[in-house]
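Reviewing the structure listed below.
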Amino acid sequence: LTFEQEVEDIVKRGVEEDVKPDNIAMEVNGRKFAHDRTFGQCAQVILISMLRTMPVAAARKEAFACVQKLIKKWRALLGKFARSIEDQKGCLVALEAFVLDESWAKHKMMMPIAKTLYDQDIVEEEAVLGWATEAEERGQKALVKECKTLIDYLQQESEDDDEDDDEE
């Protein structure tokens, strides 16, 4: 089995059997060292494996509710591996393929998932904004456009923080 298959099996079993996040993290860490992988590579596989446990929803609202519940429940696991800004951007890049898959594309899930990851403190503002810039350069303009509301909000937050710093 490849690293990705092993981690996907661990995460899938963990989600289905409601295994504690710390126990899943320990197993994934073992695979990380055995295959000489980074925390970011683990985070990417964990996120996508976790999302793949969702049944394909008929409606966007249903899909979004399922994503929110899943990410909230497993945020501790994701947080252990999506440590740096680069790790977090890697998760968003990995997410691109998931949301563009034919079974999910109609729901336009990039923004809801990215926002939930941000709201749950799994990805930081800098990671989302960095992903958006790099995604534009890679030609993923439609996904960046889909996330425009979130990106605009984060840019405004960033500007407000800069103004607060200037006032001090």
Subject >> Calculated on alpha-carbon atoms, Rg and Dmax of the chain in Å >> reply: 16.2, 56
Original post:
For segment 96-168, what are the per-bin percents of Cα-Cα distances with bins 5 Å wide, up to the bin holding the maximum?
Top reply: 3, 16, 24, 24, 16, 8, 4, 2, 1, 0
**OP:** Distance check, please: which entries in LYS12/LYS32; LYS20/LYS148; LYS32/LYS141; LYS108/LYS141; LYS32/LYS80; LYS89/LYS145 exceed 24 angstrom between their Cα atoms?
**Re:** LYS20/LYS148; LYS32/LYS141
Subject >> Cβ-based net charge around THR38, under 14 Å, with every Lys or Arg adding one and every Asp or Glu removing one >> reply: +2
Subject >> Largest to smallest accessible area among THR53, THR2 [probe 1.4 Å] >> reply: THR2, THR53
**OP:** Would you calculate a helix-derived [θ] at 222 nm for the chain, using -39,500 (n - 2.57) for each DSSP H run of n ≥ 4 and dividing by the full residue count, to the nearest 500?
**Re:** -25000 deg cm²/dmol
Subject >> Relative contact order for segment 1-115, counting Cα pairs under 8 Å that sit 6 or more residues apart, in percent >> reply: 29
Subject >> Protein accessible area in segment 16-143, 1.4 Å probe - carbon and sulfur % >> reply: 50
**OP:** Determine the gain in length on full extension of the stretch LEU100-VAL19; use 0.36 nm per residue of separation and subtract their C-alpha separation, reporting nm with one decimal.
**Re:** 26.3 nm
**OP:** Enumerate the helices in the chain for which the Kyte-Doolittle hydropathy averages 1.6 or more and the C-alpha atoms extend at least 15 Å along the helix's axis, using complete DSSP H runs.
**Re:** 39-51
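If R0 is 30 Å, what FRET efficiency do you get for TYR153 and LYS12 from their C-beta distance, rounded to 0.05? Each step should come with its number before you reach the end.
Working: r = 33 Å, r/R0 = 1.11.
For R0 = 30 Å, the calculated efficiency reads 0.35.
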**OP:** For segment 1-60 and segment 82-155, write down the distance between their C-alpha centroids in whole Å.
**Re:** 19
Original post:
So what's the net charge close to ARG138: Lys and Arg +1, Asp and Glu -1, counting the other residues with Cβ under 13 Å from its Cβ?
Top reply: -2
Subject >> Inverse of mean 1/r across different Cα pairs in segment 32-113, Kirkwood, Å >> reply: 13.1
Original post:
How far apart, in nm, are two points set 7 Å out from the Cα along the Cα-to-Cβ line at GLU163 and at LYS145?
Top reply: 3.0
Original post:
Per residue, how much accessible area does segment 49-168 show when a 1.4 Å probe rolls over the protein heavy atoms, in square angstrom?
Top reply: 55
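The values are calculated or read from the model by the stated rules, or taken from the named source; none is laboratory data. Please read these numbers as outputs of a predicted model, since none were measured by experiment. Positions of Cβ are backbone-derived with ideal geometry, glycine not excepted, and every protein chain shown enters the neighbour counts. Surface accessibility is based on the protein's heavy atoms, side chains included, excluding ligands, DNA and RNA. Shrake-Rupley method; radii C 1.70, N 1.55, O 1.52, S 1.80 Å.
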